[in-house]
Amino acid sequence: MTHRLAAPAPGWTSTTDVVVVGSGVAGLTAALGARQAGLRVTVVTKAMLDDGSTRWAQGGVAAALGEGDTPEQHLADTLVAGAGVCDEEAVRLLVTEGPGAVRRLIGAGALFDTDAEGEILLTREGGHHRNRIVHAGGDATGAEISRALVEAVRNDPEMELVEHALVLDLLKDAEGRTAGLTLHVMGEGQRDGVGAILAPAVVLATGGIGQVFSATTNPAVSTGDGVALALRAGAAAADLEFVQFHPTVLWLGPEAEGQQPLVSEAVRGEGAHLVDADGVRFMLGQHELAELAPRDVVAKAIIRRMQELGAEHMYLDGRHFGAEMWAERFPTILAACREHGIDPVTGLIPIAPAAHHAAGGVRTDLHGRTSVPGLYACGEVACTGVHGANRLASNSLLEGLVFAERIAADLAARYRAGELAQRQVDVAAARAAATVPLPAPEARAAIQQLMSRGAGVLRSADSMAATRAGLAELAAGAAADAAEQKPADPRVETWEAANLLLVATALVGAAERRTETRGGHWREDFPERDDAHWRHHLITTLDADGLHVTEEH
């Protein structure tokens, strides 16, 4: 470890075989799979067990389950959306193992919407040429998946749960192998304060990085903790510049910050139209799929139209659905709109793009293994290569399922081979690594404003240079305060600010390096896709000299 967060010494220690950090679809699927193999598992989650990002997913799970659909067709759609930088082998695993993973999820108790004959209902979303999205409760798919998995975890008396806990840093043995982690339990969990869980395997399933931006669909806990921990531990990250901005997020005004209500792509999948204030359908002629084009195409078209008209937002028109369809198919979205004084049954829904999903993250192989032995990652925190430059709609829940199952299988094989013995680690020696100066809590808002202004949907060399300078100033201020013996107090708010600052700085570094427009990365000064020079990945690492971005051809 080259860096660690400033924190008190651990006041308690426990041991287990596997620590899973996160309680969304990826984390809980990995935890349940490891338990089925006979391993001792501890699940650490930042809020309550059912508060992961999965519960917010409205659209559904993509899988080739329908008549006439095939994994090859799903593969083709995913590769197109990924804009030339998907790992085709990873995508092939996703689409071939996906249908079985969905069926196993149903076997675990998830109840998806069905027709009168009991057949699973399938719908379409952007970038798909087939109806292959399974959903639950109309637009409450994530909530149903979360319910089923949480129930299964809570029904296992041997599964140890640590809620309200923020992970701090990875522990490694003298040979650089994973030996556990440090964490802080926030007063409402089973243990209070900073502690250490010793384990030869750690699975990061901490979700996204959306809170580096002012407006996002991600919950407040999505502060990039997993990516930051992995970088500090010496693991590689990949494709951090590719951030998907969801095209249709409920616009709540120019001053709105934090988590914003999502208007699922499934609304467009059912036939809603994107229009401007004059009712013009501006997606016609932009792409063969019009409103159902891949998300980067739609988000860019919305931004262009906003710029052309000097407007702060566009509109989604689903008035032709009628009251009954809104209530049955999209009850969550209907309620969210009405909560903010908008009735989609009779009026237009104001929308604008907002940060939604990170295509990049902690780099893994096809078994979820990172470059640090014993450290795994799955779900949005990971970069498996599946999404490339832009995630295909509803592939994220599927990715969480498939790669969490692959991690569980790898852990089971290592367990049978006797490779999961406890590592010897000197926690006090591990704490001797250089500490990261902690920014003040108010740095969080400053980071978000800098990133939204200069590294959001639209990027340029000038905008990102200004963002980088602003982030560096925040880091220098924290370092100066520490040098003058007046550092920020180590607590949740300052640890989260430090994680956001590291992830934001890494993201900007990668985005500055990629001088083209591709997928979720849009450079105003390099508006064209450049396959001759940029059809490869950018790898980000952190060492004693700082962050480094290298090209992998």
*At a temperature of 37 °C and a viscosity of 0.692 mPa s, determine how fast region 394-553 diffuses translationally according to Stokes-Einstein, using the Kirkwood radius over alpha-carbon pairs as Rh; express D in µm²/s, rounded to the nearest whole number.*
174
*Based on the alpha carbon coordinates of the chain, what radius of gyration and maximum Cα-Cα distance (Dmax) apply, in Å?*
22.3, 71
*Please give the contour-minus-distance gain from His287 to Glu524: 0.36 nm per residue of separation, less the Cα-Cα distance, rounded to one decimal in nm.*
83.3 nm
*For region 245-297, count all C-alpha to C-alpha pairs, find those more than 12 Å apart, and express that count as a whole percent of the total.*
71
*Kindly provide the helix-only [θ] at 222 nm of the chain, computed as the sum of -39,500 (n - 2.57) over DSSP H runs of four or more divided by all residues, to the nearest 500 deg cm²/dmol?*
-10500 deg cm²/dmol
*Can you give the Rg and Dmax of region 280-341 based on its C-alpha atoms, in angstrom?*
13.9, 36
*Name the residue farthest towards the positive end of the dipole of region 434-530 from the options Ala445, Gly509, His521, assuming +1 on Cβ of Lys and Arg, -1 on Cβ of Asp and Glu, about the Cα centre.*
His521
*When Asp51, Asp278, Asp317 are ordered from fewest to most other Cβ atoms inside 10 Å of their Cβ, what list results?*
Asp278, Asp317, Asp51
*Estimated FRET transfer efficiency (Ala428, Ala532; beta-carbon r; R0 60 Å; 0.05)*: 0.70
*asked:* As an exercise, take the mean of 1/r over every pair of distinct alpha carbons in region 472-538, invert it, and state the Kirkwood radius in angstroms.
replied: 14.4
*In whole angstrom, note down how far apart the Cα centers of region 467-529 and region 329-361 are.*
29
*asked:* For region 265-414, take the convex hull of the Cα atoms, compute a quarter of its surface area, and give me that in nm², please.
replied: 11.2
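A short reminder: the numbers here are calculations on the coordinates, not readings from a lab. Treat the numbers as computed from the prediction; the structure is a model and nothing was measured. Cβ atoms come from the backbone with ideal geometry, glycine included; neighbour counts cover every protein chain shown.
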